[in-house]
1. Does Gln30 fit the bill of being under 17 Å from the mean Cα position of the chain (by Cα), modelled with pLDDT under 90, surrounded by 15 or more Cβ atoms within 10 Å (Cβ to Cβ) and in a loop (DSSP other than H, G, I, E, B)?
2. For Ala112, are the conditions met, namely being touching a Lys or Arg at 6+ places or on another chain (Cβ under 8 Å) and either surrounded by 19 or more Cβ atoms within 10 Å (Cβ to Cβ) or within 20 Å of Ile141 (Cα to Cα) (or both)?
3. Condition first: within 12 Å of Leu80 (Cα to Cα) and in a strand (DSSP E or B). Now tell me which residues in segment 125-134 satisfy that.
4. From Arg133, Arg102, which residue is surrounded by 15 or more Cβ atoms within 10 Å (Cβ to Cβ), in contact with a Lys or Arg (Cβ under 7 Å, 6 or more places away or on another chain) and basic (Lys, Arg)?
Amino acid sequence: GILLTLLVGGMVLALRLDAAASWYRRADSQPVQRVTAAEAPLGRHALRLNLLDSRPAARQVMQPVAGTEMPALRGQVVTLGAWMWASRPLEGVTLVLHVNDRQGGAGEAAQAFAVSETPQFYAFTGQFPEDARSAWLTLTIKAGAADAPAVVYLDGLVLAPGDWASSTPP
């Protein structure tokens with residue numbers, strides 16, 4: 001009885017119910033949280049990243065691209081985008097697409113944005129390699145971009161085949 005209670009209690013403490021699924025971060029960084037956000041353009045929730053730390057590595061979150069999605073993306077022009085906004089205007093909020101190929105090479109495409117307090121769809125396009133083996137997406141706040149505490153919100157992250165203008169999200 002007591003052992004089971006301690007085990008269940010430990011699991012509850014270890015698992016954060018507001019943690020965003022499939023988002024990874026460095027152990028020393030702030031967690032990405034799923035929050036209710038009235039401003040969210042797609043539904044009622046958004047991901048929230050608190051920028052409390054000045055170390056660049058602590059201001060980065062990553063999400064892998066599912067292996068099942070890789071065949072449809074190979075050789076395609078792709079758009080990486082998201083609805084983003086912040087608690088105050090921020091420069092250097094960067095979306096990055098990292099790709100490893102089958103020969104052991106790596107590449108990335110990135111775009112930095114100036115994010116305002118109003119949700120807006122930010123996007124850029126790139127070429128997904130024919131021989132892509134794995135890929136992941138990163139949201140990074142560049143060094144010096146958060147000189148005071150801030151919060152960045154992210155909704156509707158998309159990696160889609162095709163060239164989608166920022167004014168017409170896929």
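1. Yes: the conditions hold for Gln30.
2. Here the answer is yes, as Ala112 does meet what is asked.
3. Thr125, Gly126, Gln127
4. When all the criteria are applied, what remains is Arg133.
The values are calculated or read from the model by the stated rules, or taken from the named source; none is laboratory data. Predicted, not measured: the structure shown is a model, and the values here were computed from it. Cβ sites come from the backbone with ideal geometry, for glycine too, and all protein chains shown count toward neighbours.
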